[in-house]
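FYI, it's all coordinate maths here, none of it is from the lab. In this text, all values refer to a predicted model and were calculated from it rather than measured experimentally. Methodologically, a virtual Cβ is constructed for each residue, glycine included, from the backbone with ideal geometry; neighbour enumeration extends over all protein chains shown.
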Amino acid sequence: MVILVHGGAGRVPEALREVVLEGVQRARDEGWRVLRQGGSAMDAVVAAVKVMEDDPVFNAGTGAALNRAGAAELDAAVMDGETLAFGGVAAVRDVKNPIELAREVMNSEHILLCGEGASAFARERGIPHHPPSLLVTEHALARWREVRKKGLKTSGTVGAVALDGQGRLAAATSTGGIVDKRVGRIGDTPLVGAGTYAEKGLGAASATGEGEFLARALVTYRSVSALRHQEPKDALFEALALAKALGGEGGIILVTADGRPVWHRTSPQMSFAFRSDDDEGAGLE
Ligand code: ASP
């Protein structure tokens, strides 16, 4: 069994270093607890991502990056490697844990729902309305003001990949997207093969970084597919090199079908934490 999580690409201010490291480890521990109790890889990645959505330090769920109108619009997706089932939500404003809603979409007749339709579907599935103002934190507001003033581009997202005791693979990713994005902008996260991908016998991957470029390079699909003929590290290296050649930086986490956790980034930093039957670790490098 393996769980590997990331807390986003991009530079983390020194003052937040410890909090971010603690956050990814808490998410990792929750995912591991689920796996240990016999939960599926899908249960584990959703549980791990939920912890980070609820942690205001990460750009997902509560504390997510704000768009040009100062609101949080959330994207999230899950993919089950066993069945190639996929579920995504985009530009959702009133759901506390979009990763749970993405899982509901996976178990419906569709693969991706956005905006009001996604909210209506949430209510249908018993996921309550969450006041949009509760997703906005002081920190996100301060960041948003700074980005607008200085014209900066920042990113950060959360994700998890897992291999369970029965050899099943799953991936999950959740984000507020890029700070000060246009209203209605959708990034790589909820697009199959862009921010999130898993395939039986190969691997599961979750990406973070500049979505417009990661998506065009289909970085998670590219990395997972390449495992047929490449070492995992090389697969990640090539996928991110393509995104970089197109103009964007980022990071990817991946677990192989034989249980190797790997990660790589072209962004200045990426936080991560992992645990397997015989190893565990965490970092922000
Ligand atoms: N990839 C995300 C997006 O473009 C942002 C991020 O990872 O920080 O929406």
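Exposure proxy ranking for PHE272, PHE58, based on other Cβ atoms within 10 angstrom of each Cβ and starting from the fewest, stands as PHE272, PHE58. Both radii come from the Cα set of segment 45-192: Rg as radius of gyration, Rh as Kirkwood radius; their ratio Rg/Rh reads 0.98. Any idea how far the Cα center of segment 50-102 sits from the one of segment 214-285, in Å? Value for the Cα centre distance between the two parts: 20 Å.
For segment 161-285, pairs of C-alpha atoms spaced more than 21 angstrom apart make up 34 percent of the total. Close Lys pairs in the chain (alpha-carbon distance under 24 Å; sequence gap of 8 or more, or different chains): 12. Helical runs assigned H by DSSP (4 residues or longer) give the chain a calculated mean residue ellipticity at 222 nm of -10500 deg cm²/dmol, each run adding -39500 (n - 2.57) before division by the residue total. Taking Cβ atoms as reference points and 11 Å as the exclusive limit, the residues near ARG33 contribute a net charge of +1, counting Lys and Arg as +1 and Asp and Glu as -1.
At 0.36 nm per residue, and after removing the present C-alpha to C-alpha distance, how many nm does the segment from LEU84 to ARG125 gain when stretched out fully?
Working: separation 41, 0.36 × 41 = 14.76 nm, distance 2.20 nm.
Result for the pair: 12.6 nm of gain on full extension.
Taking the Cβ of each residue in HIS264, HIS110 as the centre, tally the other Cβ atoms inside 10 Å and list the residues starting with the fewest.
HIS110, HIS264
Which of ARG228, ARG182 has the fewest other C-beta atoms within 10 Å, and how do the rest follow up to the most?
Details: ARG228 9, ARG182 12.
Ranking ARG228, ARG182 by Cβ neighbours within 10 Å, fewest first, gives ARG228, ARG182.
Computed log10 I(q)/I(0) for the chain at 0.07, 0.15 Å⁻¹: -0.20, -1.00, from the Debye equation with unit scatterers placed on every C-alpha and solvent omitted.
Can you give the extra length, in nm with one decimal, that the chain gains between LEU141 and GLN230 once fully stretched, where that is 0.36 nm per residue apart less the Cα-Cα distance?
Numbers: separation 89, 0.36 × 89 = 32.04 nm, distance 4.27 nm.
Length gained, LEU141 through GLN230: 27.8 nm.
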